Amino acid sequence: MVDRAITDAELARLHADGIRGVRFNFLKRLVDHAPKDAFLLLAQRIVPLGWHVVVFFEADLLTELTPFLAAIPTIVVVDHLGRPDIGQGLGGADIGAFVALLDTQPHLSAKVSGVDRL
């Protein structure tokens, strides 16, 4: 995670140090405000570096975030499978919506992590 006001020089230093991505958090328990417009501007700045974006959100935000996710101009990794309600089962609405998103957005991938917490 980086401050949205990070300079290009700071991004270049991070790149030289081996960093290759940024994370955008949308979990309400972690952030008060997650400005999608500022995140998109930052995503545009990391494209020339060849970086990717990791996005962390819960399933109830998927519909709201879909246009934002589609607009990110680089590889996007959705952390923790988008935190679906696994109580719905594999045929549930949360997993179904997430799989549909992955099917329509080839630049999106899912990180299969944290399933023990779901």
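Quick one: in the range 29-40, of everything that is without any contact (Cβ under 8 Å) to a residue 24 or more places away in the chain and more than 13 Å from the chain's Cα centre (by Cα), which residue is nearest to Thr74 (Cα to Cα)?
Taking the candidates together, the pick is Asp37.
Quick check, is Ala100 at pLDDT 90 or above and in contact with a helix residue (DSSP H, G or I) (Cβ under 9 Å, 6 or more places away or on another chain)?
So Ala100 fails the test.
If a residue must be under 18 Å from Asn25 (Cβ atoms) and assigned to a helix (DSSP H, G or I), how many such residues does the range 77-97 contain?
4
Determine the pairs where a residue that is under 21 Å from Gly82 (Cα atoms) and aliphatic (A, V, I, L, M), located within the range 12-25, has a partner that is at pLDDT below 95 and surrounded by 11 or more Cβ atoms within 10 Å (Cβ to Cβ) with Cβ atoms under 6 Å apart, the partner being 6 or more residues away or on another chain.
Correct list of pairs: Val22/Val2.
Is it true that Thr74 is hydroxyl-bearing (Ser, Thr, Tyr) and either without any contact (Cβ under 8 Å) to a residue 12 or more places away in the chain or in a loop (DSSP other than H, G, I, E, B) (or both)?
yes
Among the listed residues Arg23, Arg45, identify the single one that is part of a strand (DSSP E or B), surrounded by 13 or more Cβ atoms within 10 Å (Cβ to Cβ) and among the charged types (D, E, K, R).
One residue alone meets the criteria, Arg23.
Name the residue, out of Phe56, Phe39, that is surrounded by 16 or more Cβ atoms within 10 Å (Cβ to Cβ), of a type outside the set (Gly, Ala, Ser) and within 25 Å of Val115 (Cα to Cα).
Result: Phe56 is the single residue among Phe56, Phe39 that is surrounded by 16 or more Cβ atoms within 10 Å (Cβ to Cβ), of a type outside the set (Gly, Ala, Ser) and within 25 Å of Val115 (Cα to Cα).
Please tell me if Pro67 is modelled with pLDDT of 95 or more and either farther than 24 Å from Leu11 by Cβ or basic (Lys, Arg) (or both).
Criteria met by Pro67.
State whether one or more residues within the range 3-21 are under 16 Å from the mean Cα position of the chain (by Cα) and of a type in the set (A, V, I, L, M).
Among the residues of the range 3-21, not one is under 16 Å from the mean Cα position of the chain (by Cα) and of a type in the set (A, V, I, L, M), which makes the answer no.
The values are calculated or read from the model by the stated rules, or taken from the named source; none is laboratory data. If you're wondering where the values come from, they're calculated on a predicted model, not measured in any experiment. Don't worry about glycine lacking a Cβ; one is built from the backbone with ideal geometry, like all the others, and counts go over all protein chains shown.
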